[in-house]
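A.B. asks: Have a look at this one.
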Amino acid sequence: MLEDVLRRIDRGELVRLARELVRIPSVHRPGDASSGEGRVAAFLAGYLERAGFAVRVEEVSPGRPNVWAVWEGPLPGPTLLFEAHTDVVTAGREEDWEHPPFGAELEGGRIYGRGACDTKGNLAAAVIAARAIRESGVPFPGRLILCHPVDEEGMMSGIKHFIRRGHAEGVDAAIVCEPEENQLCVRQKGALRVEVRVRGRMAHGAMPQSGVNPVTRAARFVVAVEELEREERERHGGDPFLGHPSLTPTILRGPETGDPQLNVIPSGAYVALDIRTVPGQSHAELVGRLEGILSRLRAADPDFEAELRVMEERPPTETPPDEPLVLAMAAAYRRLTGREPRYNGVPGATDGTFLHEWANVPVVTTGAGLREIPHHADEWVGVEELYETCRLYAASALYYCCEKGG
């Protein structure tokens, strides 16, 4: 049965589809109605309908539609979801690229372009894998869903919308299609995005005593966060796949808004933290410890005023090694390559974070592409690795659904 499916995987069609997707810029620019995922969603919907899938399109916000497609095999069985987002990050300055950012040039066995690696190449691999299973005519026991949401590179509103609308109900497992060098990633770091606003009182820089300086007070908070990071690293150690947790101040700005001036103490300062967590860390406890830092600073300084807000929370995820999807993908990898699979973790969050946490769906993240390539100029994905990914996706679906479906 597997060989019948693998013979249906057309390398040329895989490359053509990946290049077509890369050629459609799907960078979201707020306020620009011509930008975003709309064009690539329309292209995908048409392609999937012609391939015989039942397709749904649902707008998440104006000009930002999710697309997903369903195919029911001839036999009853579990539901496996392939998830690959349609948005890409900005290309930046075109002069920094040797290859046109949206040219999808094919050179030296590589497809170049923004999104080639993250993650339109892997999106194409999932589509071609599912199409090969459908067209092979094998007695497939189960249901496949191709889920292509918007906004993974932002606040992940697409996958959140998909789950809130109940579309993930009945999904037994999900393969998250991201550039991971075809490693089987069974853990993901969590993320907390925190902002702190420190209030001060404007004054002349020559007479600082007549005001309240929020910059120095914000700096005290940043130094205390560095100490908290050290404590958390000692407390939790290094995860074998994810490394150490981190609490990283990424923005320290004073004034919070408006123009800074060298001889003016601003009325406020702003601190942003990008916190990355590992399984075993409590987000609620971390926020409590940050609030405790502010409480201590207030107690030591009657002029210290600050407010903390959690902008976004993405919990860490962990899929057990004996989860049927992990076992099926490992068996598929061995069958296709003759090698033992490599296991790893995702250093950032993916849409799989919310599939796991909100919908209780086990996830494994894998796909073609070097992990360091996304968001770089001259982003690329190798054709041979992408072909291997497509075969892995198809074989994994067969192994998983046949085992679960009996």
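The values are calculated or read from the model by the stated rules, or taken from the named source; none is laboratory data. Source: prediction; values computed, not measured. Positions of Cβ are backbone-derived with ideal geometry, glycine not excepted, and every protein chain shown enters the neighbour counts. Each accessible area value is taken on the protein alone, full model and side chains, heavy atoms only, with ligands, DNA and RNA left out. Shrake-Rupley method; radii C 1.70, N 1.55, O 1.52, S 1.80 Å.
A.B. asks: Starting from the Cα of LYS160, draw a straight line to each of the lysines and keep only those under 19 Å, dropping any in the same chain fewer than 8 residues away.
C.D. replies: By straight Cα distance, LYS160 reaches LYS189.
A.B. asks: Work through the residues other than VAL198 whose Cβ is under 15 Å from its Cβ and net out their charges, Lys, Arg +1 and Asp, Glu -1.
C.D. replies: Neighbour charge sum, excluding VAL198 itself: +2.
A.B. asks: Relative to the first principal axis of the alpha-carbon coordinates of the chain, what is the inclination of helix 214-236, with its axis defined by its Cα atoms, in degrees from 0 to 90 and to the nearest 10?
C.D. replies: For 214-236 against the chain, the angle is about 50 degrees.
A.B. asks: Here is a further query. Give a residue-ordered list of calculated ³J(HN,Hα) values for the stretch 239-252 (Karplus: 6.51 cos²θ - 1.76 cosθ + 1.60, θ = phi - 60°; whole Hz; x for Gly, Pro).
C.D. replies: 5, x, 9, 10, x, 8, x, 9, 10, 10, x, 10, 9, 9
A.B. asks: Whole angstrom only: what separates the Cα centroid of the stretch 144-217 from the Cα centroid of the stretch 315-355?
C.D. replies: 23 Å
A.B. asks: Using the heavy atoms of the protein chains alone and a 1.4 angstrom probe, what is the accessible area of the chain per residue in square angstrom?
C.D. replies: Each residue of the chain exposes 42 Å² on average to a 1.4 Å probe.
A.B. asks: Among 195-201, 82-88, what's the highest-first ranking by average C-beta atoms within 10 angstrom per residue?
C.D. replies: So the order, starting with the most tightly packed, is 82-88, 195-201.
A.B. asks: Report, for the chain, the % of DSSP beta bridges that are antiparallel, rounded to 5.
C.D. replies: 75 percent
A.B. asks: How tilted is helix 11-22 with respect to the longest principal axis of the chain? Cα atoms for both, answer in degrees (0 to 90, nearest 10).
C.D. replies: Computed tilt is about 30 degrees.
A.B. asks: I'm a student and want to see the number: the projected area of the Cα convex hull of the stretch 366-406, averaged over all directions, in nm².
C.D. replies: 3.3 nm²
A.B. asks: Can you order the peptides 376-383, 9-16 by their average number of other Cβ atoms within 10 Å per residue, highest first?
C.D. replies: Peptide ranking by packing, descending: 376-383, 9-16.
A.B. asks: So, one more: Going by alpha carbons, how many degrees (0 to 90, nearest 10) lie between the helix axis of 121-136 and the longest principal axis of the chain?
C.D. replies: Computed tilt is about 30 degrees.
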